[in-house]
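Engineer: What follows is a structure written as structure tokens; I'll ask about it next.
The values are calculated or read from the model by the stated rules, or taken from the named source; none is laboratory data. Please read all numbers here as calculations on a predicted model, not as lab measurements. A quick note on method: Cβ atoms are made from the backbone with ideal geometry, for glycine too, and the neighbour counts reach across all protein chains shown. Protein only, heavy atoms only, side chains kept; ligands, DNA and RNA dropped before computing areas. Shrake-Rupley method; radii C 1.70, N 1.55, O 1.52, S 1.80 Å.
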Amino acid sequence: MDNLSKAIVLRSEGKLTESNEILQALAKDDPKSAEINYQCAWSFDVLGKEAEAVPYYEKALQLGLNDEDALGATIGLGSTYRTLGRYKKSKAVFESGLARFPENNALKTFYAMTLYNVGEHVEAMEILLACLVQTTNDPDIKSYERAISFYSDKLDKTW
């Protein structure tokens, strides 16, 4: 098993510090690997060291990732910016991600959280309500799907 695979397995086993140490060494040895930079960013995130994850996420996205990893890195970077209070950067990352992955509901949900943080509550609620009715299997919500969809962009309107 190579060191990258070993680090990923260690992370899945909850050995977060050990995994992170291996990934940092790999990133130092191979700084042009998008995958290693992404995995290293992820390893800092799960340790609660969001600020240290940022440059690795940025580099991974700049170097280019496959679609699955690009989506994960976009959500990771945007969410990390949000938790650090860097809301404008978070919003920009999510908007860029939505241009590439417009149907991804996880991305939309994290974007809605950022919209809340920047005071765009109406748009945030509209996105969340649309995600809710499109993805739920809850029969109580499904029975009101038309009404929820109708009101999702009319929350401030009274009749």
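Engineer: Need the failing condition index for Gln24 against (1) under 17 Å from Leu77 (Cα atoms); (2) of a type in the set (S, T, N, Q); (3) touching a Cys at 6+ places or on another chain (Cβ under 7 Å), just the number.
Structural biologist: Condition not satisfied by Gln24: (1).
Engineer: List the pairs whose first member sits in segment 45-66 and is more than 15 Å from Glu21 (Cα to Cα), whose second member is open to solvent by 40 Å² or more (accessible area, probe 1.4 Å) and of a type outside the set (Gly, Ala, Ser), and whose Cβ atoms are under 6 Å apart, counting only residues at least 6 apart or on separate chains?
Structural biologist: Short answer, once both residue conditions are applied: Glu50/Thr83; Glu50/Leu84.
Engineer: Go through Lys49, Lys32, Lys28 for me and flag whichever is open to solvent by 70 Å² or more (accessible area, probe 1.4 Å), over 24 Å from Lys89 (Cβ atoms), at pLDDT 95 or above and not aromatic (Phe, Trp, Tyr).
Structural biologist: On the way: Lys49 fails: over 24 Å from Lys89 (Cβ atoms); Lys32 fails: over 24 Å from Lys89 (Cβ atoms).
That would be Lys28, the only listed residue that is open to solvent by 70 Å² or more (accessible area, probe 1.4 Å), over 24 Å from Lys89 (Cβ atoms), at pLDDT 95 or above and not aromatic (Phe, Trp, Tyr).
Engineer: Which ones in segment 93-137 are part of a loop (DSSP other than H, G, I, E, B), farther than 26 Å from Gly64 by Cα and open to solvent by 40 Å² or more (accessible area, probe 1.4 Å)?
Structural biologist: Val118, Gly119, Glu120, Asn137
Engineer: Mind checking whether some residue in segment 2-15 is surrounded by fewer than 13 Cβ atoms within 10 Å (Cβ to Cβ), touching a helix residue (DSSP H, G or I) at 6+ places or on another chain (Cβ under 9 Å) and farther than 25 Å from Gly78 by Cβ?
Structural biologist: Quick first cut of segment 2-15, residues surrounded by fewer than 13 Cβ atoms within 10 Å (Cβ to Cβ) only: 2, 5, 9, 12-14.
Imposing the further condition that a residue be touching a helix residue (DSSP H, G or I) at 6+ places or on another chain (Cβ under 9 Å) reduces the set to 9, 12-13.
Going one step further and asking which of them are farther than 25 Å from Gly78 by Cβ, we end up with 9, 13.
There is at least one residue in segment 2-15 that is surrounded by fewer than 13 Cβ atoms within 10 Å (Cβ to Cβ), touching a helix residue (DSSP H, G or I) at 6+ places or on another chain (Cβ under 9 Å) and farther than 25 Å from Gly78 by Cβ.
Engineer: Is it true that Trp42 is surrounded by fewer than 14 Cβ atoms within 10 Å (Cβ to Cβ) and of a type in the set (Phe, Trp, Tyr)?
Structural biologist: Values: surrounded by fewer than 14 Cβ atoms within 10 Å (Cβ to Cβ): no; of a type in the set (Phe, Trp, Tyr): yes.
No: the conditions fail for Trp42.
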